[in-house]
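A.B. asks: Right, I'll just put the structure down here and ask away after.
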Amino acid sequence: MKQIISFLLRKIPRKYLQLVSHHGLRVLALFYSGNNVECTVCHSTFRKFLPYGRKSRENALCPKCLALERHRLIWLYLERKTDFFTRKNKMLHIAPELCFMDRFESLPNLDYITGDIESPLAKVKMDIHDIPFEENTFDVIFCNHVLEHVEDDILAMKEMRRVLKPGGWAILQVPFFYPLKKETYEDKSITSPAEREKAFGQDDHVRMFGEDYGARLASAGFKVTEDKLVMELSEDEVSRFALPRQEIIFRVEK
């Protein structure tokens with residue numbers, strides 16, 4: 001299974017996987033029945049989660065809603081540390097994840113807009129370097145695992161800050177490859193997929209973020225909070241929900 005999923009992720013563009021993958025994976029859920037792990041997003045239980053990733057991680061993907069480790073942690077953060085599910089908010093979800101979309105869409109308190117440069121699932125086709133909304137439009141923005149792909153991450157951060165309302169907040173997660181470099185590494189002369197994978201951890205990444213990620217967010221004008229929720233949880237919860245043990249949630253505010 002690990003080899004099959006890794007092959008599909010490497011060979012099939014994301015925009016096509018988004019359209020069909022959830023149908024096949026839900027069939028697989030029948031073979032993973034059990035009660036050892038629980039998805040915080042859809043509350044389904046399984047013997048274990050599916051492996052996932054180009055370099056496959058065990059116990060990662062919920063076959064019911066397609067939540068990964070980081071999604072389960074973000075959902076827990078929203079439930080335990082925010083008023084996201086009760087306060088009226090206008091939200092922009094960039095590169096929207098399937099596990100969140102229908103659930104966010106159904107929230108009566110949320111005016112929910114999705115945007116992406118290529119995803120067939122997004123409502124608005126947009127380039128994150130030039131977001132097509134006026135300043136001070138949104139209360140909340142989600143943009144997860146995007147900034148490692150874009151040409152100018154600082155410009156993208158500034159654009160997200162521009163369209164946030166004063167007092168608005170965003171969750172801006174990026175992948176980290178441990179041990180972390182002190183400073184974010186990028187080199188525009190590296191263009192081949194093989195060399196990008198070697199340099200940045202994945203063949204469609206253009207930078208590898210380091211310990212200075214929070215400082216880069218701050219340089220775009222954000223107030224940055226590095227929330228370590230996963231490190232506050234019991235070992236039973238971390239294991240039960242199969243959470244990423246080193247994941248820091250980067251919440252930024254305007």
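The values are calculated or read from the model by the stated rules, or taken from the named source; none is laboratory data. All values reported here derive from a predicted model rather than from experimental measurement. Glycine also receives a Cβ, built like all others from the backbone with ideal geometry; neighbour counts cover every protein chain displayed. Note: areas computed on protein heavy atoms with side chains; ligands, DNA, RNA excluded. Shrake-Rupley method; radii C 1.70, N 1.55, O 1.52, S 1.80 Å.
A.B. asks: In whole percent, how big is the carbon plus sulfur part of the accessible area of the chain, probe 1.4 Å, protein atoms only?
C.D. replies: Carbon and sulfur atoms account for 52 percent of the accessible area of the chain.
A.B. asks: Please turn the phi angles of the stretch 181-193 into ³J(HN,Hα) values with the Karplus equation 6.51 cos²θ - 1.76 cosθ + 1.60 (θ = phi - 60°), one per residue in order, whole Hz, x for glycine and proline.
C.D. replies: Each residue of the stretch 181-193 in turn: 6, 5, 10, 4, 10, 9, 8, 5, 6, 8, 10, 6, x Hz.
A.B. asks: Set Lys and Arg Cβ to +1 and Asp and Glu Cβ to -1, take the dipole of the chain about its Cα centre, and tell me which of 178, 137, 208 lies farthest positive.
C.D. replies: Looking along the dipole axis, the top candidate is 178.
A.B. asks: Also, quick follow-up: Compute the separation of the alpha-carbon centres of the stretch 195-240 and the stretch 44-95 and state it in Å as a whole number.
C.D. replies: 16
A.B. asks: Give me, ordered by chain and number, the residues 5 or more places off residue 36 or on other chains with an amide H under 5 Å from its own placed amide H.
C.D. replies: 46, 47
A.B. asks: For Cα pairs less than 8 Å apart in space and 6+ apart in sequence, what is the mean separation divided by the residue count of the stretch 65-153, i.e. the relative contact order in percent?
C.D. replies: Rounded, it is 28 percent for the stretch 65-153.
A.B. asks: How many Å² of accessible area per residue for the stretch 25-115, probe 1.4 Å? Mind showing how you got there, number by number?
C.D. replies: Working: 3890 Å² over 91 residues.
In whole numbers, the stretch 25-115 has 43 Å² accessible per residue.
A.B. asks: Determine ³J(HN,Hα), in whole Hz, for all residues of the stretch 165-176 in sequence, where each value follows from phi through the Karplus function 6.51 cos²θ - 1.76 cosθ + 1.60 and θ = phi - 60°; x replaces Gly and Pro.
C.D. replies: 3J(HN,Hα) across the stretch 165-176, in whole Hz: 6, x, x, x, 9, 9, 10, 10, 8, 9, x, 10.
A.B. asks: Now, a different point. Solvent-accessible area per residue for the stretch 140-193 at a 1.4 Å probe radius, Å²?
C.D. replies: So the stretch 140-193 comes to 47 Å² accessible per residue, rounded to a whole number.
A.B. asks: For the stretch 102-254, what is the percent of antiparallel DSSP beta bridges, rounded to the nearest 5?
C.D. replies: So the antiparallel bridges in the stretch 102-254 amount to around 65 percent.
A.B. asks: Which entries in the list 181/228; 158/228; 64/181; 123/165; 48/90 go over 28 Å, if you measure between the two C-alpha atoms of each?
C.D. replies: 64/181; 48/90
A.B. asks: If you place +1 on the Cβ of every Lys and Arg, -1 on the Cβ of every Asp and Glu, and leave all else neutral, what size is the dipole of the chain about its Cα centre, to the nearest 20 Debye?
C.D. replies: Dipole of the chain, to the nearest 20 debye: 620 debye.
A.B. asks: I would also like to ask the following. Pick from 56, 189, 106: which is most flexible by mean-square fluctuation in a GNM of the chain where alpha carbon atoms under 10 Å apart are linked?
C.D. replies: Result: 189 has the largest fluctuation of those listed.
A.B. asks: If I ignore ligands, DNA and RNA and count only protein heavy atoms, how much of residue 188 is accessible to a 1.4 Å probe, in Å² to the nearest 10?
C.D. replies: Probe radius 1.4 Å; accessible area of residue 188 about 150 Å².
A.B. asks: Sequence-distant or interchain residues sharing an amide H contact under 5 Å with residue 93, placed H: which?
C.D. replies: Distant-sequence amide H within range of residue 93: 113, 114, 115, 142.
A.B. asks: Collect residues whose amide H, placed 1.01 Å from N in the peptide plane, falls under 5 Å from the amide H of residue 212; neighbours closer than 5 in sequence don't count.
C.D. replies: Close amide H contacts, sequence-distant or interchain: 184.
A.B. asks: Also, quick follow-up: Taking 0.36 nm per intervening residue step and subtracting the Cα-Cα distance, what contour gain separates residue 237 from residue 31 on full extension?
C.D. replies: Additional length available on full extension: 71.8 nm.
A.B. asks: Moving to a separate point now. Please provide three numbers in whole Å: the alpha-carbon extents of the stretch 33-180 along the principal axes, with the largest listed first.
C.D. replies: 48, 36, 30
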